[in-house]
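Encoded as structure tokens, the structure appears first; notes follow it.
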Amino acid sequence: MNSAVIITTSSEKDSSPIYKYKLLLKYQFAVQCWKANISVLKMPKEKRSVSTVLNEFVKDFSDFTTDESVLLCKYCEVSVTATKKFQVTQHLQTSKHQKKKNRSLGSKQQVLVQAISKPGSNR
């Protein structure tokens, strides 16, 4: 079965023989990939720097801070291995972290309640 490729042009640039040839090569490549059941590979993602990844974790999770090289938990006061997002979420789910966070938030609320309920604090 012979098949013809019809190329319509909209400008002089598109009607050049070189452009038509390149377009034909792309078409033939796509057909060969389709026949061989091969998907065309995409360009690999650019590797993000450590500081970029850590800053994204700090934005996503308010329990952390960073010095551009290490992810630090504000409540546990430990560095957290943070090459993958699931490692950060695992730390957040530990009982140690949850206890320290609740204790810290509880003490902040207690101080706030004491400051509000002190006599003479209303001006």
*Exactly one condition in (1) modelled with pLDDT of 90 or more; (2) surrounded by 12 or more Cβ atoms within 10 Å (Cβ to Cβ); (3) within 21 Å of Arg48 (Cβ to Cβ) is not met by Ala82; state its number.*
(1)
*Could you pull out the residue among Lys74, Lys96 that is under 24 Å from Val53 (Cα atoms), among the basic types (Lys, Arg) and at pLDDT 90 or above?*
Lys74
*asked:* Which residue is surrounded by the fewest Cβ atoms within 10 Å (Cβ to Cβ), if the candidates are limited to the stretch 63-73 and must be under 19 Å from Lys101 (Cβ atoms) and without any contact (Cβ under 8 Å) to a residue 12 or more places away in the chain?
replied: Thr65
*Please find, within the stretch 62-71, the residue that is modelled with the lowest pLDDT out of those that are in a loop (DSSP other than H, G, I, E, B) and not β-branched (Val, Ile, Thr).*
Glu68
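The values are calculated or read from the model by the stated rules, or taken from the named source; none is laboratory data. Just so it is clear, the structure is predicted and the values come from calculations on it, not from any experiment. Methodologically, a virtual Cβ is constructed for each residue, glycine included, from the backbone with ideal geometry; neighbour enumeration extends over all protein chains shown.
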